[in-house]
Amino acid sequence: MKLGFNSAILDGCTFEEVIDFAAENGFTCVELCAWPRGKAVRKYAGVTHIDVDNLDVDYITNYTEAKGIKISAIAYYPNALDEDKERSEYYVAHIKKCIEAAKKLDVNLVNTFIGRNQKKTVEENLVIMEEVWKPIIDFAEELGVKIAIENCPMLFTNDEWPGGQNLMTTPAIFRRVFEIIPNKNFGLNYDPSHFVWQQMDYLKPIYEFKDRIFHIHFKDIKVYKDKLNDVGVMATPLEYISPKLPGLGDVNWGKYVSALTDIRYFGYAVIEVEDKAFEDSLKSKKDSIIISKNYLGQYLV
């Protein structure tokens, strides 16, 4: 697997500094964030290491090639099914810009969320999903670009709860979505941590959806059982869980990597850092990426 990291944790760094850090520390790739420039709508959002509105293809290509770093995917994770039509259309327009940028840069992969209207049922959202996403997937397919949806429920904060802001959260929903939009360029950015705190098997779906896994995340999660026993599963999840660096939570990384090798997944594998214990300084953030890399080295060549 080609090991890299998601650039959101280095939000204080420039594009060049992110690529330099990756090269200097033995990484193969980076998942580069491409949010519109402006105020972040939430934590880990609003990070722009590729500006798709002012894309300098030659400069980005030449710089990454000179440093020996690949762009694993262009990353933009909004709520494209937002109940506000104007916001939804804005997000969709920017997703399409990311798709065009992925084509021009020969990256050919965009990582994102489906989104969700949290006031509507899953069935109602599936109808909206088809209306919004079928044209996007067709557009990407025409350009030879894949779309990978991360399986994060996005219901961590009070404004996201209940319902969450991403529909693509369970194998049952994966099946429905891929039945409705069967395009082969439509798949998953697979993150085991989100299955753990939902108390679900994070290995079995790897086998069922092996042809849909285009990109993977290495992020751990710690479930505090005493807190869960106190507040229950109906609480906002951050009341009883905490994102952690790989090896510091409840994911069995040996079994996870073993399952990926079973399906012969040898693509991009990206560390995503959201561990609050490593957010107090840029040095801590950089250290968290290196610590994660060192830990994962026991499983990856």
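Numbers at a glance
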| item | result |
| --- | --- |
| Within the stretch 199-217, considering residues that are in contact with a helix residue (DSSP H, G or I) (Cβ under 6 Å, 6 or more places away or on another chain) and within 27 Å of Glu239 (Cα to Cα), the one surrounded by the fewest Cβ atoms within 10 Å (Cβ to Cβ) | Leu203 |
| Residue in the stretch 207-223 that is assigned to a helix (DSSP H, G or I), over 21 Å from Asn189 (Cα atoms), of a type outside the set (Lys, Arg) and in contact (Cβ under 8 Å) with a residue 40 or more places away in the chain present | no |
| Close pairs (6 angstrom Cβ cut-off, 6 or more residues apart or separate chains): modelled with pLDDT of 95 or more in the stretch 157-182, assigned to a helix (DSSP H, G or I) and open to solvent by 20 Å² or more (accessible area, probe 1.4 Å) anywhere | Ile180/Glu130; Ile181/Lys134 |
| Tally of residues being in contact with a helix residue (DSSP H, G or I) (Cβ under 9 Å, 6 or more places away or on another chain), open to solvent by 30 Å² or more (accessible area, probe 1.4 Å) and over 30 Å from Gly163 (Cβ atoms) across the stretch 228-262 | 2 |
| Conditions (1) surrounded by fewer than 16 Cβ atoms within 10 Å (Cβ to Cβ); (2) in a strand (DSSP E or B); (3) among the β-branched types (Val, Ile, Thr); number of the one not met by Val270 | (1) |
| Residue count, the stretch 58-93 (criterion: over 19 Å from Asn6 (Cα atoms) and open to solvent by less than 10 Å² (accessible area, probe 1.4 Å)) | 2 |
| Evaluation of Ser193 against (1) closer than 25 Å to Tyr90 by Cβ; (2) of a type in the set (S, T, N, Q); (3) modelled with pLDDT of 95 or more; (4) crowded, with 21+ Cβ neighbours inside 10 Å (one fails), failing number | (1) |
| Meets criteria (free of Cβ contacts under 8 Å to residues at least 60 places away in the same chain and of a type in the set (A, V, I, L, M, F, W, C)) for Leu245 | yes |
| Pairs with Cβ under 6 Å, 6+ apart, first in the stretch 6-35 and within 17 Å of Val47 (Cα to Cα) and in a strand (DSSP E or B), second among the aromatic types (Phe, Trp, Tyr) and open to solvent by less than 10 Å² (accessible area, probe 1.4 Å) | Ala34/Tyr76 |
| Qualifying position, being of a type outside the set (Asp, Glu) and open to solvent by 10 Å² or more (accessible area, probe 1.4 Å), among Ile136, Ile181, Ile128 | Ile128 |
| Residue count, the stretch 153-173 (criterion: closer than 11 Å to Gly115 by Cβ and open to solvent by less than 10 Å² (accessible area, probe 1.4 Å)) | 4 |
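Conditions (1) farther than 22 Å from Thr64 by Cβ; (2) of a type in the set (A, V, I, L, M, F, W, C), marked per residue:
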| site | (1), (2) |
| --- | --- |
| Pro78 | yes, no |
| Leu81 | yes, yes |
| Glu89 | yes, no |
| Ala93 | yes, yes |
| Lys97 | no, no |
| Glu100 | no, no |
| Lys104 | no, no |
| Val110 | no, yes |
| Arg116 | yes, no |
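Residue-wise test of (1) without any contact (Cβ under 8 Å) to a residue 40 or more places away in the chain; (2) among the charged types (D, E, K, R); (3) on the phi > 0 side of the Ramachandran plot.
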| residue | (1), (2), (3) |
| --- | --- |
| Leu105 | no, no, no |
| Glu123 | yes, yes, no |
| Glu141 | no, yes, no |
| Glu150 | no, yes, no |
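The values are calculated or read from the model by the stated rules, or taken from the named source; none is laboratory data. Please read all numbers here as calculations on a predicted model, not as lab measurements. Reconstructed Cβ throughout: ideal geometry from the backbone, glycine too, with neighbour counts over all protein chains shown. Surface accessibility is based on the protein's heavy atoms, side chains included, excluding ligands, DNA and RNA. Shrake-Rupley method; radii C 1.70, N 1.55, O 1.52, S 1.80 Å.
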